[in-house]
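Worksheet for the structure shown next.
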Amino acid sequence: MKRINIPDAIVIIFSTLFLVFFTTVNAQQKRNSLQNKKSGKSTENIVAGWNKAVRVSPKASITETIGVTDVTISYSRPGVKGRKIWGGLVPYDKVWRAGANEATKITFSGNVLINGKKLPAGSYGFFIIPREKDWTIIFNKVADQWGAFEYNEAEDAMRLNVTPQKSNYNEWLDYTFENMVVNEHGKNSAVVCLNWDKLKVPFTVEADVK
């Protein structure tokens, strides 16, 4: 019988342990990927060793006071990263979360007018349906949900058609308040814009001073 010397035995043992470890890790990654697909959670750009506390699409929040009404938008910021966005990563004619990860949430501390139509104070899930021309913006009564996977049209508080505009390039999606109108009495307003890639999606928010 051929004798195995100690160095050879050590190599065999470590090779076996490495193979077992690699097989276990690979199986766990496949299970995690399957679970993420079932839950609708994106694994985009997640690599081995990625710190899970760091979001690929960072969280953000912006607040503006219009008149005496606070308007807060909470969202996540995906990047273009060389991809085709409109009609590509974000397909046309489908409800989109207007950001990444959790659905974008917009909160109004008082009653407002959105493009001239009344919307009561409260928090709403904010969604968009992109199209070739006019787009639809949606304020949904379910403010906290993941993406648009459980979106229910029956819960819509308001739908409006808007026209996107060409803009300067934005690598990271963001929201801005533009064209502020400040009055001591009567209505105050601002144009809220979603900005990403080479488009902006605007809508006007008005609030009374009372």
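The values are calculated or read from the model by the stated rules, or taken from the named source; none is laboratory data. All figures in this text were calculated on a predicted structure; none of them were measured in a lab. Backbone-built Cβ (ideal geometry, glycine too); neighbour counts: all protein chains shown.
Which of the numbered conditions does LYS81 fail, given that it passes all the others? Conditions: (1) closer than 16 Å to PHE203 by Cα; (2) surrounded by fewer than 17 Cβ atoms within 10 Å (Cβ to Cβ).
Condition (1) is where LYS81 drops out.
A quick yes/no check of all residues on (1) modelled with pLDDT under 95; (2) farther than 19 Å from PRO78 by Cα:
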site	(1), (2)
PRO120	no, yes
TYR124	no, yes
TRP135	no, yes
GLY147	yes, no
ALA157	no, yes
LEU160	no, yes
ASN170	no, no
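Say whether the condition of being surrounded by 13 or more Cβ atoms within 10 Å (Cβ to Cβ) and without any contact (Cβ under 8 Å) to a residue 12 or more places away in the chain is met by at least one residue in region 173-182.
yes
When region 137-166 is examined, which residues are found to be within 17 Å of the chain's Cα centre (by Cα) and among the polar types (S, T, N, Q)? Reasoning before the result, please.
First, pick out the residues of region 137-166 that are within 17 Å of the chain's Cα centre (by Cα): 137-140, 142-151.
Once the filter is applied, which keeps residues that are within 17 Å of the chain's Cα centre (by Cα) and among the polar types (S, T, N, Q), region 137-166 yields ASN140, GLN145.
Go over the candidates ASP93, ASP70 one by one and state the one that is at pLDDT 95 or above, part of a strand (DSSP E or B) and surrounded by fewer than 16 Cβ atoms within 10 Å (Cβ to Cβ).
ASP70
Results for (1) under 19 Å from PHE177 (Cβ atoms); (2) loosely packed, with under 15 Cβ neighbours inside 10 Å, shown as yes or no for each residue.
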{"site": "PHE108", "(1), (2)": "yes, no"}
{"site": "LYS118", "(1), (2)": "no, yes"}
{"site": "PHE127", "(1), (2)": "no, no"}
{"site": "ALA143", "(1), (2)": "no, no"}
{"site": "ALA148", "(1), (2)": "no, no"}
{"site": "TYR151", "(1), (2)": "no, no"}
{"site": "ASP156", "(1), (2)": "no, no"}
{"site": "PRO164", "(1), (2)": "yes, no"}
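Given the residues ALA48, ALA27, which is the only one that is modelled with pLDDT under 95, of a type in the set (A, V, I, L, M) and not in a loop (DSSP other than H, G, I, E, B)?
Within the list ALA48, ALA27, the selection yields ALA27.
Where residues in region 122-159 are in contact with a Ser or Thr (Cβ under 6 Å, 6 or more places away or on another chain) and in a loop (DSSP other than H, G, I, E, B), which of them is nearest to ILE66 (Cα to Cα)?
ALA143
Considering only residues of region 183-198 that are in contact (Cβ under 8 Å) with a residue 40 or more places away in the chain and in contact with a strand residue (DSSP E or B) (Cβ under 6 Å, 6 or more places away or on another chain), which is nearest to THR104 (Cα to Cα)?
For region 183-198, the residue satisfying everything is LEU194.
Filtering region 181-210 down to residues that are touching an Asp or Glu at 6+ places or on another chain (Cβ under 8 Å) and modelled with pLDDT under 95, which residue is farthest from GLU64 (Cα to Cα)?
Going through the qualifying residues, I end up with GLY186.
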